[in-house]
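The next block holds one structure in the form of structure tokens; read it before the comments.
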Amino acid sequence: MDSTENLFPGSGFQQNDGFTSNLTAVNTSLLYTSLLSPMMDKTINMLMIVVLFITMVSLGCTMEVTKIKDHILKPKGVAIAVLSQYGIMPLTAFCLVKGFQLPETTAVVILICGCCPGGALSNILALALKGDMNLSIVMTSCSTLLALGMMPLLLYLYCQGFSNLQKAVPYVDIIVSLVAILVPCSTGILINYFRPHFSKIISKVGLGVLMISIVVIGIISSVEIGGSLLNVLSPPLMTIASLMPLVGYAFGYIISSIFRLNQPERRTVAMETGCQNIQLCATILKVAFPPAVIGPMYLFPLVYGSFQLTEAAVLIVLFRCYQRFSRKWKSDTNSRCQ
């Protein structure tokens, strides 16, 4: 029996799969059979699933049915935002993967990250940029709901551009993961509708849990994996992780400007486009792929998330400085005119 077969127990990868044979022949450096102890692997899996559940409930608590209805009746902003989210980011991921000529496993990870919907963090960033919060929440809601169909479709389409990559994506596991996140998100919407006084508390708790979990999972994984983390921190992957959110922020703003959205809406679309649900991405990678295939690459969303947060923070600081100097300049101008 081929030794390759034992590396993928119950994973859906067949022995005669083109992806598996190519991975075995060319990219053996990406196969890790003992990155994490079985107990630690299960612990991280359960932790990521629980934290994602709490985060999605808190995201649902920010969604108001009446405001969602208003944007659905006037869908221009939402349509442009969704077009930016599912048009720019997957295409950016595809171009970067092609440009750097990455191995199949790494390519799949980056494509999945690029096809992910917007995350709850984008609402906080849009608020910091004084964006349109109704549009931000509705866009996050719509992109999350549309992910059920758009993620598998986009992954299928973009994987056609690579040889031996079509069978590397666990479509069924991704769809199951997306269906699972709709349940806590719907629960949060119901809580906000019937018990709105609980929603603010749940939202704050969810954001806190999200921040803490990113740090804890990153530390645990780094300690367990050790030197293998350098594969995630390689120059090409660091470059991709830094470019993807920056491209999303820039083109989100440009596209919304072309369609003449107002300034708060432009800033909102920019944040929603470049800021993705990295926790969902990390959970999908950890649950859908066996450890022998994914290796330390499931940590890539954390690296990507650190860049998208850092770059957003820089944009927020620049925006706040611009506002302050603009107000000061107007005040000085008015005082001279008087």
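The values are calculated or read from the model by the stated rules, or taken from the named source; none is laboratory data. Note that the structure is a prediction, hence the values are computed from the model and not measured. Positions of Cβ are backbone-derived with ideal geometry, glycine not excepted, and every protein chain shown enters the neighbour counts. Heavy atoms of the whole protein, side chains included, go into the accessibility calculation; ligands, DNA and RNA do not. Shrake-Rupley method; radii C 1.70, N 1.55, O 1.52, S 1.80 Å.
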- Confirm whether VAL247 is part of a helix (DSSP H, G or I) and buried (at least 24 other Cβ atoms within 10 Å of the Cβ). no
- Residue check, SER222 against (1) surrounded by 21 or more Cβ atoms within 10 Å (Cβ to Cβ); (2) at pLDDT below 75; (3) closer than 21 Å to GLY305 by Cβ; (4) not aliphatic (A, V, I, L, M), all met but one. Which one? (1)
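Select from region 225-244 the residues that are at pLDDT below 70 and either open to solvent by less than 80 Å² (accessible area, probe 1.4 Å) or among the small types (Gly, Ala, Ser) (or both) and list them in ascending order. I'd like the intermediate steps shown before the answer.
Our first condition is that a residue be at pLDDT below 70; within region 225-244, this holds for 225-232.
Listed by number, the residues that qualify are ILE225, GLY226, GLY227, SER228, LEU229, ASN231, VAL232.
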- Query: Among all residue pairs at least 6 apart or on different chains, which show Cβ distances below 6 Å where the first residue, located in region 296-313, is of a type in the set (D, E, K, R) and the second is in a helix (DSSP H, G or I) and open to solvent by 30 Å² or more (accessible area, probe 1.4 Å)?
  - Reply: GLU311/LEU246
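In region 282-298, is there at least one residue being in contact with a helix residue (DSSP H, G or I) (Cβ under 8 Å, 6 or more places away or on another chain), part of a helix (DSSP H, G or I), closer than 24 Å to PRO152 by Cβ and open to solvent by 30 Å² or more (accessible area, probe 1.4 Å)? Steps first, please.
Step one: list which residues in region 282-298 are in contact with a helix residue (DSSP H, G or I) (Cβ under 8 Å, 6 or more places away or on another chain), which gives 282-298.
Next, from what is left, pick out any that are part of a helix (DSSP H, G or I): 282-288, 291-298.
After this cut, where a residue has to be closer than 24 Å to PRO152 by Cβ as well, the list is 282-288, 291-295, 297-298.
Okay, now just the ones that are also open to solvent by 30 Å² or more (accessible area, probe 1.4 Å), so 287, 291.
Yes, some residue in region 282-298 is in contact with a helix residue (DSSP H, G or I) (Cβ under 8 Å, 6 or more places away or on another chain), part of a helix (DSSP H, G or I), closer than 24 Å to PRO152 by Cβ and open to solvent by 30 Å² or more (accessible area, probe 1.4 Å).
Looking only at region 105-129, count every residue that is assigned to a loop (DSSP other than H, G, I, E, B) and either without any contact (Cβ under 8 Å) to a residue 60 or more places away in the chain or not small (Gly, Ala, Ser) (or both) and tell me the total. Step through it out loud before you land on a result.
Of the residues in region 105-129, the ones assigned to a loop (DSSP other than H, G, I, E, B) are 116-117, 119-120, 129.
If we keep only those that are either without any contact (Cβ under 8 Å) to a residue 60 or more places away in the chain or not small (Gly, Ala, Ser) (or both) as well, we get 116-117, 129.
Residues flagged as assigned to a loop (DSSP other than H, G, I, E, B) and either without any contact (Cβ under 8 Å) to a residue 60 or more places away in the chain or not small (Gly, Ala, Ser) (or both) within region 105-129 amount to 3.
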- Task: Look at region 141-183 and say how many of its residues are open to solvent by 70 Å² or more (accessible area, probe 1.4 Å) and modelled with pLDDT of 80 or more.
- Result: 5
- Query: Within the bounds of region 18-35, is there any residue that is open to solvent by less than 30 Å² (accessible area, probe 1.4 Å), over 18 Å from VAL287 (Cα atoms) and at pLDDT 75 or above?
  - Reply: no
- Message: Testing LEU102 on (1) of a type outside the set (D, E, K, R); (2) in a helix (DSSP H, G or I); (3) surrounded by fewer than 23 Cβ atoms within 10 Å (Cβ to Cβ), one condition comes back false. Which one is that?
- Response: (2)
